[in-house]
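Written out below as structure tokens is the structure these notes cover.
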């Protein structure tokens, strides 16, 4: 893949991730800052490193599964691996300006 194709695919991945919301927070998981890294690997496999707002998050199983399912819907994608980490721990500083505004942090 060319660099432009990788960039286009990454934009599609981000758009797909932005359709996933934490059920308790009216902001998508990308704007919340839960996505730490997106890697496009050979043959369009994708590795997503993400966190949750808390290790005890009630949606700890559904959010990563939703991210995986939405990204897998992109026809160019082969396989998707979603890895959960709590290092570094989640902080509201990871939120986008838009999310902070929406949630009243600004």
Test of understanding: among 24, 31, which residue is surrounded by 16 or more Cβ atoms within 10 Å (Cβ to Cβ), in contact (Cβ under 8 Å) with a residue 12 or more places away in the chain and in a loop (DSSP other than H, G, I, E, B)? 31
The range 6-21 - residue that is in contact with a strand residue (DSSP E or B) (Cβ under 9 Å, 6 or more places away or on another chain) and surrounded by fewer than 20 Cβ atoms within 10 Å (Cβ to Cβ) and, of those, nearest to residue 60 (Cα to Cα): 21
If residue 101 passes every condition in (1) assigned to a helix (DSSP H, G or I); (2) modelled with pLDDT of 95 or more but one, which one does it miss? (2)
Return the residues of the range 37-59 that are surrounded by 14 or more Cβ atoms within 10 Å (Cβ to Cβ) and more than 12 Å from the chain's Cα centre (by Cα); say none if nothing qualifies. 40, 44, 53, 57, 59
From 73, 1, 106, 95, grab the single residue that is surrounded by 18 or more Cβ atoms within 10 Å (Cβ to Cβ) and either modelled with pLDDT of 95 or more or out of contact with any strand residue (DSSP E or B) (no Cβ under 7 Å at 6 or more places or on another chain) (or both). 95
Might you let me know whether the range 35-55 holds any residue that is closer than 23 Å to residue 106 by Cβ, free of Cβ contacts under 8 Å to residues at least 12 places away in the same chain, in a strand (DSSP E or B) and in contact with a strand residue (DSSP E or B) (Cβ under 6 Å, 6 or more places away or on another chain)? no
Looking across the range 56-91 at residues that are in a helix (DSSP H, G or I) and without any contact (Cβ under 8 Å) to a residue 40 or more places away in the chain, the single one that is farthest from residue 11 (Cα to Cα) is 62
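The values are calculated or read from the model by the stated rules, or taken from the named source; none is laboratory data. Computed from a prediction, not measured in an experiment: that's the story for all the values here. Here the Cβ is made from the backbone with ideal geometry for all residues, glycine too, and neighbour counts use every protein chain on show.
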